[in-house]
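K.L.:
Pasting a structure below so you can have a look.
The values are calculated or read from the model by the stated rules, or taken from the named source; none is laboratory data. Since we're looking at a predicted model, the values are computed, not measured. With ideal geometry, Cβ positions are generated from the backbone for all residues, glycine too; neighbour counts draw on all protein chains shown.
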Amino acid sequence: MVNINVGTQNGYEIHIEEGLLCRVAEECKAVLSSEKILLLTDSHVYPLYGETVSRALSDAGYAVSEYVIPAGEASKSVEQYLAVIDRLAADGFSRSDAIVALGGGVVGDLAGFCAATYLRGIPFVQIPTTLLACVDSSVGGKTAVNLSAGKNLLGAFYQPRLVLCDPLVLKTLEPSVYADGMAEVIKYGMIRDPELFEALENRAWTDTQIIARCVSIKSEIVAEDEFDNGVRLLLNYGHTIGHAVEKCSKFAVSHGSAVAIGMMVMAKAEPNGEALAERLEAVLKTYGLPTRCEYAADDLYAVALSDKKRRNQTLHVITVPSLGNGRIVSIPVEELHTYLQKGLSE
């Protein structure tokens, strides 16, 4: 088993091992003294793993309630958040009881925000079932739901008690969902790790190796900047434009695909960055990710103005002048339009 410690104010471990899902109850017992657990999952994951995890937790002595949300980004809503909170209250959950999130990023973000705010905070455990959730959204304590004005605008920083990653669950993913996760993996290579990027170019590493390397990178960054005021902003490479692509598409474009497009736009906008942009385009195509954007610069710019990284008339963007050398650059908001125009040019 690979064990990675996340050195935040309330530190916790991430365990990575094939077959770990079979030991969920044992792992939870080590960090949870709860009597009750709400197993929060979605309509896609529950038939695959929900009953198995629920039964294991029940056999271990927990009183388990199940809450299954419709699969998809639309469930990361205020309405669904309030429904889960109402369920916790109706079932008499106390501050010592817990939520176990079994699913991808939508489930994890929703569960984390519910845990952060119900009774001012109850424990929760993340069991990510997508590559994207394993390498990114389950690590670091960002929890949120979406508003009509944009993604993740209502949220909190709230760390889990434990993250359990079983790479075997990735075998049941649709290729497009696996590709979404690879966008975030490629991001780590671009901003911090040339060795990882080269391994991806050559398809040289296993899923376990990929997850462990990405989690190690993110854990180091989060420990240094838990609340996203400094170096953690590097993790937003491709995301400002990516979030705008998602919203312009009314979320028809998945998060991973949108981030891939955002990275491509930023790479093409980089001065003298043609060679790296070509490598990025090739590796994105290798993993079935898009490299072209169908939306105009004006449309993306209008949506990006609501980005959380904006500070008054200044916006933080992430640039990669050379492989593994991500940089945080503060620009006037209007300069983002220049990046978009250059990055979208053929």
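K.L.:
Only one of these is over 22 Å from Thr286 (Cα atoms), in a helix (DSSP H, G or I) and without any contact (Cβ under 8 Å) to a residue 60 or more places away in the chain: Glu220, Glu198. Name it.
P.N.:
Unique residue meeting the criteria: Glu220.
K.L.:
From (1) closer than 23 Å to Thr8 by Cα; (2) buried (at least 24 other Cβ atoms within 10 Å of the Cβ), pick out the condition that doesn't hold for Thr129.
P.N.:
It fails just one condition, (1).
K.L.:
Turning to a different aspect of this structure: Within the range 220-244, how many residues turn out to be surrounded by fewer than 21 Cβ atoms within 10 Å (Cβ to Cβ), on the phi < 0 side of the Ramachandran plot and not hydrophobic (A, V, I, L, M, F, W, C)?
P.N.:
Of the residues in that region, 7 qualify.
K.L.:
Separate question: If you scan the range 197-223, which residues turn out to be over 24 Å from Tyr12 (Cβ atoms) and of a type in the set (Ser, Thr, Tyr)?
P.N.:
Thr206
K.L.:
Check the range 182-195 and report whether any residue there is out of contact with any Gly (no Cβ under 9 Å at 6 or more places or on another chain) and either modelled with pLDDT under 95 or under 29 Å from Val78 (Cβ atoms) (or both).
P.N.:
no
K.L.:
Tell me, which residue of the range 271-284 that is over 21 Å from the mean Cα position of the chain (by Cα) and under 23 Å from Cys248 (Cβ atoms) is surrounded by the fewest Cβ atoms within 10 Å (Cβ to Cβ)? Let's see the steps before the verdict.
P.N.:
To start, the set of residues in the range 271-284 that are over 21 Å from the mean Cα position of the chain (by Cα) comprises 271-279, 281-282.
Next cut, under 23 Å from Cys248 (Cβ atoms) only: 277, 281.
Details: Ala277: 20, Glu281: 18.
Only one residue tops the list, namely Glu281.
K.L.:
Any idea which residue in the range 301-321 is farthest from Asn229 (Cα to Cα), counting only those that are modelled with pLDDT of 95 or more and surrounded by 14 or more Cβ atoms within 10 Å (Cβ to Cβ)?
P.N.:
Step by step, filter the range 301-321, then rank; the result is Val320.
K.L.:
Taking Ser257 as meeting all but one of (1) of a type in the set (Ser, Thr, Tyr); (2) outside any helix (DSSP H, G or I); (3) buried (at least 22 other Cβ atoms within 10 Å of the Cβ), write down the number of the exception.
P.N.:
(2)
K.L.:
Which condition number does Tyr295 fail, the rest of (1) more than 25 Å from the chain's Cα centre (by Cα); (2) part of a loop (DSSP other than H, G, I, E, B); (3) closer than 28 Å to Ala252 by Cβ; (4) of a type outside the set (D, E, K, R) being met?
P.N.:
(1)
K.L.:
If you don't mind, another one. Condition check: of a type in the set (Gly, Ala, Ser) and either modelled with pLDDT under 95 or assigned to a loop (DSSP other than H, G, I, E, B) (or both). Does Gly262 satisfy that?
P.N.:
no
K.L.:
Look through Ala71, Ala30, Ala63 and report the one residue that is within 30 Å of Val253 (Cβ to Cβ) and out of contact with any Pro (no Cβ under 6 Å at 6 or more places or on another chain). Let's see the steps before the verdict.
P.N.:
Numbers: Ala30 fails: within 30 Å of Val253 (Cβ to Cβ); Ala63 fails: within 30 Å of Val253 (Cβ to Cβ).
Exactly one residue qualifies, and that residue is Ala71.
K.L.:
Still on this structure: Between Lys36, Lys76, which is closer than 24 Å to Ile221 by Cβ and basic (Lys, Arg)?
P.N.:
Within the list Lys36, Lys76, the selection yields Lys76.
K.L.:
So, one more: Could you list, in sequence order, the residues of the range 30-62 that are without any contact (Cβ under 8 Å) to a residue 60 or more places away in the chain and loosely packed, with under 15 Cβ neighbours inside 10 Å?
P.N.:
Within the range 30-62, Ser43, Pro47, Glu51, Thr52, Arg55, Ser58, Asp59, Gly61 meet the criteria.
K.L.:
Next up: Go through the residues of the range 292-311 one by one and say whether even a single one is in contact with a strand residue (DSSP E or B) (Cβ under 6 Å, 6 or more places away or on another chain) and not aromatic (Phe, Trp, Tyr).
P.N.:
yes
K.L.:
From Val24, Val106, Val84, which residue is aliphatic (A, V, I, L, M), out of contact with any Ser or Thr (no Cβ under 7 Å at 6 or more places or on another chain) and within 30 Å of Glu220 (Cβ to Cβ)?
P.N.:
Matching residue, one of Val24, Val106, Val84: Val24.
K.L.:
Of Pro47, Pro128, Pro123, Pro70, which residue is more than 17 Å from the chain's Cα centre (by Cα) and closer than 29 Å to Tyr188 by Cα?
P.N.:
Just a single option satisfies the conditions, and that option is Pro123.
K.L.:
Can you tell me which residues in the range 84-123 are more than 16 Å from Ser34 (Cα to Cα) and β-branched (Val, Ile, Thr)?
P.N.:
Val84, Ile85, Val106, Val107, Thr117
K.L.:
Scan the range 59-78 and tell me whether some residue there is at pLDDT 95 or above, on the phi < 0 side of the Ramachandran plot and basic (Lys, Arg). Don't jump to the end; show me each part of the working.
P.N.:
If we filter the range 59-78 for residues that are at pLDDT 95 or above, which is where we start, we get 59-71, 75-78.
Subset that is on the phi < 0 side of the Ramachandran plot: 59-60, 62-71, 75-78.
Still in the list and also basic (Lys, Arg): 76.
Within the range 59-78, one or more residues are at pLDDT 95 or above, on the phi < 0 side of the Ramachandran plot and basic (Lys, Arg).
K.L.:
Scan (1) free of Cβ contacts under 8 Å to residues at least 60 places away in the same chain; (2) in contact with a helix residue (DSSP H, G or I) (Cβ under 7 Å, 6 or more places away or on another chain); (3) among the hydroxyl-bearing types (Ser, Thr, Tyr) for the single condition Thr206 breaks and write down its number.
P.N.:
Of everything listed in (1) free of Cβ contacts under 8 Å to residues at least 60 places away in the same chain; (2) in contact with a helix residue (DSSP H, G or I) (Cβ under 7 Å, 6 or more places away or on another chain); (3) among the hydroxyl-bearing types (Ser, Thr, Tyr), Thr206 misses just condition (2).
K.L.:
Suppose we filter Val100, Val135, Val107, Val84 for residues that are more than 16 Å from the chain's Cα centre (by Cα) and crowded, with 24+ Cβ neighbours inside 10 Å; which single one remains? Even if it seems obvious, please write down each step before you answer.
P.N.:
On the way: Val135 fails: more than 16 Å from the chain's Cα centre (by Cα); Val107 fails: more than 16 Å from the chain's Cα centre (by Cα); Val84 fails: crowded, with 24+ Cβ neighbours inside 10 Å.
Step by step, each of Val100, Val135, Val107, Val84 is checked, and only Val100 is more than 16 Å from the chain's Cα centre (by Cα) and crowded, with 24+ Cβ neighbours inside 10 Å.
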